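Novice: Can you keep this structure in mind? I'll have questions shortly.
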2 protein chains.
Amino acid sequence: MGENLPGDAVENGKKSPRTPKHWELKERLADLLRAVSPGGSLPGERALASEFGVSRTTVRKALAELTAEGRLTRVHGSGTFAGEGKLTQRLQLSSYTEDMRSHGRRPTSSLLDARIGAADPELAALLGIRSGDDVLRLRRLRRADGEPMAIETSRLPLPRFPGLDRFVGDGSLYGVLYQHYGVELGHAEETIETALATPAEAALLGNEAGALMLLLSRHSFDTEGRPVEWVRSVYRGDRYKFVATLVSPQSSDESTERERER
Amino acid sequence: MGENLPGDAVENGKKSPRTPKHWELKERLADLLRAVSPGGSLPGERALASEFGVSRTTVRKALAELTAEGRLTRVHGSGTFAGEGKLTQRLQLSSYTEDMRSHGRRPTSSLLDARIGAADPELAALLGIRSGDDVLRLRRLRRADGEPMAIETSRLPLPRFPGLDRFVGDGSLYGVLYQHYGVELGHAEETIETALATPAEAALLGNEAGALMLLLSRHSFDTEGRPVEWVRSVYRGDRYKFVATLVSPQSSDESTERERER
DNA sequence: GGACTTGAGTGGTTTAGACCATTGCGATTA
DNA sequence: TAATCGCAATGGTCTAAACCACTCAAGTCC
């Protein structure tokens, strides 16, 4: 990964606590992997274990880390293959569809379910409604070039958008909001953190439970500053990364600094 | 995590491939954990294994996932303790110091090493210099309230900032750039992805090798659009999350769309 | 009192082996 | 020919056990 300045060999001369065998094996497997083109296959676990003179457990630990980093793909019953690298997703206030298209990818989106429920106090505060008011909850599976990319759970205040549940489908949500309610997005607050896949998420994403995920939360507001939606999305950490463009702080009249630790 | 809408119980009625024992155990341990205040201790691995009637290996797998999620902290030789939650770091073009201070935290920063090396072609392109030109590489350890937070590796073009290596220290790099070279930052392109800690990183961050990390790359430009630095930072994924404010795309004259997949 | 040693208890690593679940292909069969 | 079955190979889960490395406190020695 571009660490080509001279003198990088011994990063820490400290005391070298001890190098676990699975780490050393991981490095050797990474070397082996460099000679394999994306999609190519690797030897089986048992073969690797005997070849390198370690137990299968140790092999699995090394392979697990390489898989978490997206450098390997493993298919139960079939084999272990070289990974495909990460796609990028831009952090910006535009629709998923046009964003993906600008990257030359074919985006699709399918509505998993739409439910109406009552807002708890926390959610009510986020959406600018009263506790107990109706909230429309949408779950979408987003794909890029057919491959599952993220599970997105949106929550919108029904009192502000009466009848919204009858308009939503696989199409653009933001389009519906604009056409039926005249709402345009102004800004959003987005947080990014790591997470592990739940079994349910893994099943939808073609993933493994416990896999590395990126968790995005987005709190969107319209051009007049009123809350529009609260979204929680999980992305496969081994397949996607995010890009943001930061600008010099001159339009920083964001006096509404919200404290939301944890 | 605010999943309080009714009907959340059975997320996927699909076919339920099988629930591994370590997953079930993880849920039970999470329950057990809810009754423990942050910093409180849990029983040892061997005790848990016999209490739940599983092997120590299975206990360790469940504990490992909870640790990766930041819900547990484990100390070799001492015990297993409840986690402390995540701190937030804002994605913005301001100094680390003032950002942390605005969150009420005491930031410190120490220079690990400063080296001069030759740029490879890729790095030269990023920094707007010729391949082989001198590059100053700085490694910093950033802390918040004394706790190691991130390892930051910056690379700056020495031809543009002659003598910079004599000015750098534990203080603000951006301050030095402004005072000695009149450089102010204009914008930056930042990418965020997941990674696993290397043993060297883990040693510096008080972490475990293979732990979940957030990897930030920042490519900064001055107010005239010339590249200033290229930074690569690793943050503990179990302790930090990032916040960005997105604004409506009106000033999107970013015709310099750079393709940097993988 | 202060410095050192010792040992019990903790998490960390590794092994060898068993069994399960999925895949895919070759042989068999209709 | 086309569908089906069986089986071997693969990755996934789990166990029991051994040993290592670190921490901390109790005990010991000076």
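The values are calculated or read from the model by the stated rules, or taken from the named source; none is laboratory data. Owing to the predicted nature of the structure, the values given are computational and were not obtained by experimental measurement. For neighbour counting, all protein chains shown are included, and Cβ atoms are generated from backbone atoms with ideal geometry for every residue, glycine included. What goes into the accessible areas is simple: the full protein's heavy atoms, side chains included, and nothing from ligands, DNA or RNA. Shrake-Rupley method; radii C 1.70, N 1.55, O 1.52, S 1.80 Å.
Novice: Answer yes or no as to whether B:S109 is of a type in the set (S, T, Y), outside any strand (DSSP E or B) and open to solvent by 10 Å² or more (accessible area, probe 1.4 Å). Full working, then the answer.
Specialist: Working: of a type in the set (S, T, Y): yes; outside any strand (DSSP E or B): no; open to solvent by 10 Å² or more (accessible area, probe 1.4 Å): yes.
Here the answer is no, as B:S109 does not meet what is asked.
Novice: Write out, first by first residue and then by second, each pair whose Cβ atoms fall under 9 Å of each other, whose residues are 6+ apart or on separate chains, and whose first residue, in the range B:19-36, is within 10 Å of DNA strand D (Cβ to nearest atom) while the second is polar (S, T, N, Q).
Specialist: Qualifying pairs under 9 Å: B:P20/B:T58; B:K21/B:T58; B:H22/B:T57; B:H22/B:T58; B:W23/A:T198; B:L25/B:T58.
Novice: Here's something else I'd like to know. Might you let me know whether the range B:81-103 holds any residue that is within 16 Å of DNA strand D (Cβ to nearest atom), in contact (Cβ under 8 Å) with a residue 24 or more places away in the chain and away from chain A (no Cβ under 14 Å)?
Specialist: yes
Novice: Among the residues that make up the range B:121-134, is at least one of them within 12 Å of another protein chain (Cβ to nearest Cβ), among the acidic types (D, E), closer than 30 Å to A:E24 by Cβ and surrounded by fewer than 19 Cβ atoms within 10 Å (Cβ to Cβ)?
Specialist: Checked against the condition, which is being within 12 Å of another protein chain (Cβ to nearest Cβ), among the acidic types (D, E), closer than 30 Å to A:E24 by Cβ and surrounded by fewer than 19 Cβ atoms within 10 Å (Cβ to Cβ), the range B:121-134 yields at least one hit.
Novice: Looking only at residues that are open to solvent by 50 Å² or more (accessible area, probe 1.4 Å) and of a type in the set (D, E, K, R) in the range A:34-67, which one is farthest from DNA strand C (Cβ to nearest atom)?
Specialist: A:R34
Novice: Could you tell me which residue of the range A:222-240 is nearest to the other protein chains (Cβ to nearest Cβ), considering only residues that are open to solvent by less than 20 Å² (accessible area, probe 1.4 Å) and assigned to a strand (DSSP E or B)?
Specialist: Among them, the one singled out is A:Y240.
Novice: Can B:L212 be described as at the interface with chain A (Cβ under 9 Å from one of its Cβ atoms) and open to solvent by 10 Å² or more (accessible area, probe 1.4 Å)?
Specialist: Numbers: at the interface with chain A (Cβ under 9 Å from one of its Cβ atoms): yes; open to solvent by 10 Å² or more (accessible area, probe 1.4 Å): yes.
In short, yes.
Novice: Restricting to the range B:69-104, what's the tally of residues that are open to solvent by 60 Å² or more (accessible area, probe 1.4 Å), assigned to a loop (DSSP other than H, G, I, E, B) and within 24 Å of B:L185 (Cα to Cα)?
Specialist: Going through the range B:69-104 one residue at a time, the tally reaches 1.
Novice: Of the residues that make up the range A:52-60, is at least one modelled with pLDDT under 95 and part of a loop (DSSP other than H, G, I, E, B)?
Specialist: Within the range A:52-60, not a single residue is modelled with pLDDT under 95 and part of a loop (DSSP other than H, G, I, E, B).
Novice: Assuming B:A188 fulfils every condition listed in (1) open to solvent by 10 Å² or more (accessible area, probe 1.4 Å); (2) within 14 Å of another protein chain (Cβ to nearest Cβ); (3) assigned to a strand (DSSP E or B) apart from one, which condition is it?
Specialist: Single failed check for B:A188: (1).
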